Amino acid sequence: MSKFAGREHRKEGEPMATGGFLEKQTVEKLAELLRLEDFSEVYAEADRVRRENVGDRVQIRAILEFSNHCRRQCRYCGLNRNNTGLERYRIQPAQMVETARQAWEAGYRTIVLQSGEDGYYTAQMLGEVVKEIKKTGMAVTLSCGELPVEDYAYLRACGADRYLLKHETADTQLYSSLHPCGTLENRVSCLREIKRLGYETGSGFMIGLPGQTEETIARDLLLLQELNCDMAGIGPFVPHPDTPLRDHPHGSTELTKRAVALARLLLPKANLPATTSLGVLDQGEKNDIFSCGANVIMRKVTPSSYKKLYEIYPAALGETDICSERKELEAQIRALGKIPY
Ligand code: SAH
């Protein structure tokens, strides 16, 4: 059977379910594809599946990083609570709503509210923020980590549309070694609850974690599919100097793009962002991420003074100017032959 076998059984005009490369969706098959010497045919297929299923629009999302306080100790993350050298901040609800309004005026139609796991914000507080922002008509995505199920339910009832909670790695042992405070089982059970509550659900994982192999990444991809994710963020690990993983090399941009391409084949209709960490490493490479299957990008609208303190990983950040940065990004997307949305 040819690797394009899926195509021959398809009716005219009907989108292919997973792409002909993946008639056998097994760990071995995916790992083998990730290891190909020449991946260009898979990229081309991912690009075609992306165009057929989500079109040529690149969705632009605003992200407001509203608190860098975190109770957890994730060993890769600069916000982990053991990093005592970091100045911590909290943006108050009124300023969160005001920033969202500015993003709306600049043309954004989705805002992602992200934070460390910060118990200061009760579900009631966040619920009020969501309700206020929803008055603009914007879609609201929350990304505040693991919460009690009642809180996910309450926030959904307040109007939150989407929730992002990356599973980080689908390898149970690797997950435990990186997360002294949590388990993969709990992370995945949160994701299932989020999905059950009717959120558009986003998971994702990092590329380049210690000990990760192509098989690990294959399992990550299959977990995205099993969870039936509506969104999936796949990004390279970037070492942060004030974390235990400071000396571990960053993840490969090529492998990240390959994983995104395979995610597109496994989840043809999903929203797949070009993650910010990929942008940090991937400057001026020949195949841009929007030709590898991705269709979403996020821009920080966090006020400048706070943005510099939300340092999950090191990145060069300029001053925040919500309007001009959006215009600049729209022009960059057009230059790639895509439609900013
Ligand atoms: N507290 C929230 C938000 C986490 S930050 C939560 O738990 O979901 C968003 C994402 O950044 C994480 O899910 C992780 O995948 C990514 N991230 C964290 N540290 C990173 C690093 N050093 N390099 C690359 N990505 C990182």
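Considering every alpha-carbon pair of region 76-116, the percent of pairs per 10 Å bin, from zero through the bin containing the longest distance, is 23, 39, 28, 10.
Just how far, in whole angstrom, is region 193-210 from region 267-341 if you go by their alpha carbon centroids? Value for the Cα centre distance between the two parts: 19 Å. Mean sequence separation of contacting Cα pairs (under 8 Å, at least six apart), scaled by the length of the chain, corresponds to a relative contact order of 24 percent. For Lys135, the accessible area of its heavy atoms, probed at 1.4 Å with every protein chain present, is near 150 square angstrom.
In region 26-340, the convex hull through the Cα atoms has an average projected area of 14.6 nm², a quarter of its surface area.
Computed from backbone phi, the HN-Hα couplings of region 232-249 come to 8, x, 10, x, x, 5, 10, x, 10, x, 9, 10, x, 8, 4, 9, 7, x Hz, rounded to whole numbers (Karplus: 6.51 cos²θ - 1.76 cosθ + 1.60, θ = phi - 60°; Gly and Pro given as x).
In the chain, the calculated helix contribution to ellipticity at 222 nm averages -11500 deg cm²/dmol per residue, counting -39,500 (n - 2.57) for every DSSP H run with n ≥ 4. No disulfide-compatible partner, judged by a Cβ distance under 4.7 Å, exists for the following cysteines of the chain: Cys70, Cys144, Cys158, Cys181, Cys190, Cys229, Cys292, Cys323.
Can you find, among Val238, Ile322, Ser305, the residue farthest towards the positive end of the dipole of region 199-328? Put +1 on the C-beta of Lys and Arg, -1 on that of Asp and Glu. Positive-most Cα among the choices belongs to Ile322.
Asp151 contributes about 40 Å² of solvent-accessible surface, heavy atoms of the protein only, 1.4 Å probe. Approximating the spin labels as points 7 Å out from Cα along Cα→Cβ, the Arg196-to-Arg35 distance works out to 3.8 nm. When DSSP beta bridges are restricted to pairs lying wholly in the chain, around 5% turn out antiparallel. For Leu178, the accessible area of its heavy atoms, probed at 1.4 Å with every protein chain present, is near 0 square angstrom. The simple Förster model, with R0 at 45 Å and r as the Cβ-Cβ distance, assigns Asp321 and Glu185 a FRET efficiency of 0.60.
Charging the Cβ of each Asp and Glu at -1 and of each Lys and Arg at +1, and nothing else, the dipole of the chain about its Cα centre rounds to 640 debye. Each label was represented as a point 7 Å from its Cα along the Cα-to-Cβ direction; for Gln332 and Arg51 these points are 2.4 nm apart. Applying a threshold of 29 Å to the alpha-carbon distances of Lys134/Lys166; Lys134/Lys257; Lys29/Lys300; Lys257/Lys307; Lys195/Lys308; Lys269/Lys308 flags Lys134/Lys257; Lys29/Lys300; Lys195/Lys308; Lys269/Lys308 as lying beyond it.
The values are calculated or read from the model by the stated rules, or taken from the named source; none is laboratory data. Because the structure is predicted, anything quoted here is derived from the model rather than measured. Neighbour counts run over all protein chains shown; Cβ positions are idealised from the backbone, glycine included. Remember, those area values only see protein heavy atoms, side chains included, never the ligands or the DNA or RNA. Shrake-Rupley method; radii C 1.70, N 1.55, O 1.52, S 1.80 Å.
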